[in-house]
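A.B. asks: Sharing a structure here in structure tokens format.
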Amino acid sequence: MSEMPEPIERTSQWWELAAHQSEIADVHLRELFAQDPTRGERLNLAVGDLYVDYAKQRVTDETMSLLFALARKAKVEELRDSMFAGDRINVTEDRAVLHVALRAPRGAEISTDGRNVVPDVHEVLDRMANFAERVRTGGWVGHTGRRIRNIVNIGIGGSDLGPRMAYEALLPYADPDLDVRFVSNVDGNEFFELTRDLDPAETLFIVASKTFTTLETMTNARSAREWAMNVLGDESAVAKHFVAVSTNETAVAEFGIDTANMFGFWDWVGGRYSYDSAIGLSLMLAIGPENFLAMLAGFRSMDEHFRTAPLEQNLPAILGLIGVWNGNFFGAETLAVLPYSHYLASLTPYLQQLAMESNGKSVDRWGRVVGTQTGEVVWGQPGTNGQHAYYQLIHQGTKLIPADFIGIARPAHDVGPHQDIFMANFFAQPEALAFGRTADQVRADGVPEDQVAARTFAGNHPSTSILVPDLTPSVLGQLVALYEHKTFVQGAVWGINSFDQWGVELGKKLAQAIVPELTSESEPALSHDSSTNSLIRRYRALRRA
Ligand code: F6P
């Protein structure tokens with residue numbers, strides 16, 4: 001591990017930012033725009049297909065240069081280079097962090113522990129492509145000889161959110177003859193509802209789990225096997241209706257899936273960074289190998305940008321640092337991610353895991369309790385729905401809520417006047433948030449004096465607007481890689497390990513211990529706190545009633 005640095009919040013770079021924040025805390029975005037008529041043309045960056053405007057963030061040129069100095073002090077670039085070099089930067093799990101190798105071109109070299117992992121990546125991609133083509137063309141059939149019409153991905157967290165999000169995002173590219181579904185929750189109602197109208201003879205289950213031990217996934221997988229066998233009758237049918245995606249070959253074999261039908265990945269791929277590995281098999285089945293590879297190329301172009309661009313022109317660095325600025329210096333606790341796209345409905349939940357499981361840490365990489373806020377609470381749903389729900393609080397509430405707006409210029413389906421009405425909202429909301437409406441403007445509209453205060457908009461709410469030409473596989477890859485690397489930059493500044501997730505372990509362990517207390521015939525001796533004991537007793541009584 002690298003030498004222990006001084007905590008970031010004790011560095012002179014941090015204090016300079018704090019001093020600068022007190023100088024500009026009251027400066028309104030209206031003033032910043034008035035002072036510099038070219039602000040909108042200057043504070044943006046076009047990288048690949050992404051045009052990112054951060055002129056409506058509460059930053060000046062000085063803010064940005066102080067933030068870049070902070071990033072340099074935190075050695076963000078050095079950590080980035082260590083990641084690309086295959087060093088074991090996931091210190092608590094002693095693992096390399098090489099999701100960037102998942103999209104490296106054939107022939108590239110990215111090594112960890114002296115082994116070039118790129119050939120392994122392409123070997124799995126080739127097997128996935130071969131399998132996907134067979135299923136898509138009817139070469140792979142079910143146990144009774146019927147063609148596969150339904151794909152059910154069973155997984156949770158990173159083994160669900162990524163492929164689910166990308167499948168929805170790329171629906172216009174999906175084979176309309178394949179019905180792809182995602183079962184994640186261990187709530188049996190979900191399994192029931194998602195399989196009730198499916199014919200097992202035409203259904204292929206993908207059990208996607210890095211560890212192949214996750215309680216939710218294994219419970220769903222066992223139910224799926226029982227559901228399929230009840231109809232197909234024969235254990236040998238498992239081979240035709242179940243494939244696995246995992247790093248755990250032994251557990252896959254123990255479950256009864258032939259390891260010839262297993263698609264592997266590696267411990268250097270974190271769950272939340274894994275949908276471009278074999279975890280994306282359901283996606284590849286839906287959109288076909290060619291589109292999947294185009295998506296990887298999109299990821300790759302953003303990786304290259306992140307790896308090579310100086311901080312001052314580095315999009316993930318700029319967005320990450322602006323997040324630090326809003327969170328650590330303006331006290332914002334959340335980030336609303338607001339895609340103006342029906343197809344990106346699951347982007348925010350996906351980014352939630354990416355950002356919050358990665359950076360929800362309170363101990364740094366050297367084992368010290370951090371001295372500043374980390375993590376970003378990510379939330380939101382597609383516009384314009386949110387506008388009629390929670391935007392009120394963003395516009396006129398008492399909290400500072402920075403937002404990322406994501407808009408797509410050319411829709412997959414241009415239906416009547418929809419697109420321009422939709423996008424008018426995409427442009428209007430950041431404008432309203434930034435500039436608000438002063439009391440004088442409200443008065444000038446003829447609003448009665450007793451309503452002026454309530455109808456005034458303070459403005460000065462920061463946002464970033466990301467505009468892309470179309471939602472292609474490549475653009476999706478670029479967008480996701482942007483957020484991956486943004487998350488990396490923030491973790492590096494805070495000095496935390498963005499690649500472990502110990503915080504989910506305690507709840508898992510306690511749940512495992514509670515299961516027998518709920519299922520035992522006789523009243524169990526409970527030794528939890530009095531609240532948990534009472535809840536469990538009441539639940540048992542309700543179940544029996
Ligand atoms: O929530 C914890 C976690 O380990 C995530 O990081 C991961 O994406 C998810 O569980 C699923 O894990 P697995 O793929 O091993 O089933």
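Readers should treat all values here as calculations from the given coordinates under stated rules, not as data from a laboratory. All values reported here derive from a predicted model rather than from experimental measurement. Using ideal geometry, Cβ is built from the backbone for each residue, glycine included, and neighbour counts are taken over all protein chains shown.
A.B. asks: Sum up the lysine pairs in the chain that clear both bars: alpha-carbon distance under 25 Å and a spacing of 8 or more or different chains.
C.D. replies: 16
A.B. asks: Please list, in chain and number order, the residues 5+ apart from R437 or on another chain whose amide H is under 5 Å from its amide H, with Hs placed from the backbone.
C.D. replies: Hits under the 5 Å cutoff: F457, A458, G459.
A.B. asks: Still on this structure: Using Cα atoms only, what is the angle between the long axis of helix 505-519 and the major principal axis of the chain, expressed in degrees (0 to 90) to the nearest 10?
C.D. replies: 50
A.B. asks: What FRET efficiency, computed as 1/(1 + (r/R0)^6) with R0 = 60 Å and r the Cβ-Cβ distance, is obtained for D61 and H122, rounded to the nearest 0.05?
C.D. replies: 0.85
A.B. asks: Please state the shape class of the stretch 388-545: rounded when a/c is under 1.5, otherwise prolate if a/b exceeds b/c and oblate if not, all from the C-alpha gyration tensor.
C.D. replies: It comes out prolate by the Cα gyration axes.
A.B. asks: I'd like the Kirkwood hydrodynamic radius of the chain, using the inverse of the mean 1/r over distinct C-alpha pairs, in Å.
C.D. replies: 25.3
A.B. asks: Next question, about the same structure. May I ask you to sort M83, M295, M262 by Cβ crowding, counting other Cβ atoms within 10 Å and putting the fewest first?
C.D. replies: If I rank by nearby Cβ atoms, fewest first, I get M262, M83, M295.
A.B. asks: With r as the distance between the Cβ atoms of Q387 and T438 and R0 = 22 Å, compute the FRET efficiency 1/(1 + (r/R0)^6) and round to 0.05.
C.D. replies: So the FRET efficiency works out to roughly 0.50.
A.B. asks: Now a separate question. Taking the alpha-carbon centroid of each part, what is the distance from the stretch 522-541 to the stretch 78-114 in angstrom?
C.D. replies: If you average the Cα positions of each part, the centres end up 47 Å apart.
A.B. asks: Then there's this: Pick out, in residue order, every one of the trypsin sites (Lys or Arg not before Pro) in the stretch 391-473 that is DSSP loop and has at most 12 other C-beta atoms within 10 Å; say none if there are none.
C.D. replies: Of the trypsin sites (Lys or Arg not before Pro), the ones in loops of the stretch 391-473 whose Cβ has at most 12 other Cβ atoms within 10 Å are K399.
A.B. asks: If I model a spin label as a point 7 Å beyond the Cα along the Cα-Cβ vector, how far apart are those points for L198 and T144 in nm?
C.D. replies: So the label points at L198 and T144 sit 1.6 nm apart.
A.B. asks: Test of understanding: what is the full-extension gain from V515 to T213, defined as 0.36 nm times their sequence separation minus their Cα-Cα distance?
C.D. replies: Here the answer is 107.2 nm.
A.B. asks: Follow-up question, since we're still on this one. May I ask what percent, to the nearest 5, of DSSP beta bridges between residues of the chain are antiparallel?
C.D. replies: 30
A.B. asks: Something else about it: Residues with amide H under 5 Å of T464's amide H, sequence separation 5 or more or different chain, H placed in the peptide plane at 1.01 Å from N; which?
C.D. replies: A403, D404, F405
A.B. asks: Set the Förster distance to 56 Å, then compute FRET efficiency between N425 and S236 from the Cβ-Cβ distance, nearest 0.05.
C.D. replies: 0.55
A.B. asks: Sorted by mean Cβ packing within 10 Å, highest first, what order do the peptides 421-431, 480-490, 214-224 take?
C.D. replies: Those peptides, ordered most packed to least, come out 480-490, 214-224, 421-431.
A.B. asks: Now a separate question. Let me have the 222 nm mean residue ellipticity of the chain computed from DSSP H runs of 4+ only, each contributing -39500 (n - 2.57), with the sum over all residues rounded to the nearest 500.
C.D. replies: Taken over the chain, the calculation gives -14000 deg cm²/dmol.
A.B. asks: Cα centroids of the stretch 189-213 and the stretch 1-59: how far apart, whole angstrom?
C.D. replies: 47
A.B. asks: Would you work out which of S527, S346, P5 lies farthest towards the positive end of the dipole of the chain, given +1 charges on the beta-carbon of Lys and Arg and -1 on that of Asp and Glu, about the Cα centre?
C.D. replies: It is S527.
A.B. asks: Can you order the peptides 108-115, 296-303 by their average number of other Cβ atoms within 10 Å per residue, highest first?
C.D. replies: Going from most to least packed, we get 296-303, 108-115.
A.B. asks: Continuing with this model, one more query. To the nearest 20 Debye, how big is the dipole of the chain about its Cα centre, given +1 on the beta carbon of each Lys and Arg and -1 on that of each Asp and Glu?
C.D. replies: 640
A.B. asks: Arranged from highest to lowest average of other beta-carbon atoms within 10 Å per residue, in what order do the peptides 49-55, 192-198 appear?
C.D. replies: Final packing ranking: 49-55, 192-198.
A.B. asks: Another question, if that's okay. Based on the alpha-carbon gyration tensor of the stretch 356-479 and its eigenvalue square roots a ≥ b ≥ c, which shape applies: rounded if a/c is under 1.5, prolate if not and a/b is larger than b/c, or oblate?
C.D. replies: Verdict is oblate for the stretch 356-479.
A.B. asks: How big is the stretch 98-290 along each principal axis, measuring the range of its Cα positions in Å and listing the largest first?
C.D. replies: Taking max minus min along each principal axis of the Cα atoms, the stretch 98-290 gives 48, 32, 29 Å.
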